[in-house]
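Everything below concerns the one structure shown next.
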Amino acid sequence: MNYELEELVPIVAKLAESYTSKESTSISYDRAQQLMEAVLYCIREGEREGQVLLAPKDKLSAERMYAFGVKCVEEKTKEALNMYNGLLNHFSGCGNECHWSYSGRKKDIKSGI
């Protein structure tokens, strides 16, 4: 689905407000661009997931699609973290000093150097 810029700017404005903790009314052009990219990413993820859940005739507003996309991204992030934690339990560092210190074992990096 294509959304007009006029629908996306208020979402970016809310993110900018959150980013600055409401202490500033301005952000850099680069930061605004990053926030817009984040909004578009979440909308694309929402659309991708929504193709399965929503009927084609159901067109959500940009704000609702963004919110739906954020939930999808959060869920995918949680799934990835669970997979990572599961793999970490079976990971073998093969005696690598950095691995041992990072994973909380008794040696530290300096003692291995």
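The values are calculated or read from the model by the stated rules, or taken from the named source; none is laboratory data. Note that the structure is predicted; figures quoted are calculated from it, not measured. All Cβ positions, glycine included, derive from the backbone under ideal geometry; neighbour counts span all protein chains shown.
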Given the structure, is residue 73 touching a Cys at 6+ places or on another chain (Cβ under 8 Å) and surrounded by 11 or more Cβ atoms within 10 Å (Cβ to Cβ)? yes
For residue 11, which of the numbered conditions (1) over 11 Å from residue 66 (Cβ atoms); (2) among the hydrophobic types (A, V, I, L, M, F, W, C); (3) surrounded by 17 or more Cβ atoms within 10 Å (Cβ to Cβ) fails to hold? (1)
In the range 16-32, the residues that are exposed (fewer than 12 other Cβ atoms within 10 Å of the Cβ) and assigned to a helix (DSSP H, G or I): 18, 29, 30
Quick one: is residue 51 modelled with pLDDT under 90, under 21 Å from the mean Cα position of the chain (by Cα) and among the polar types (S, T, N, Q)? yes
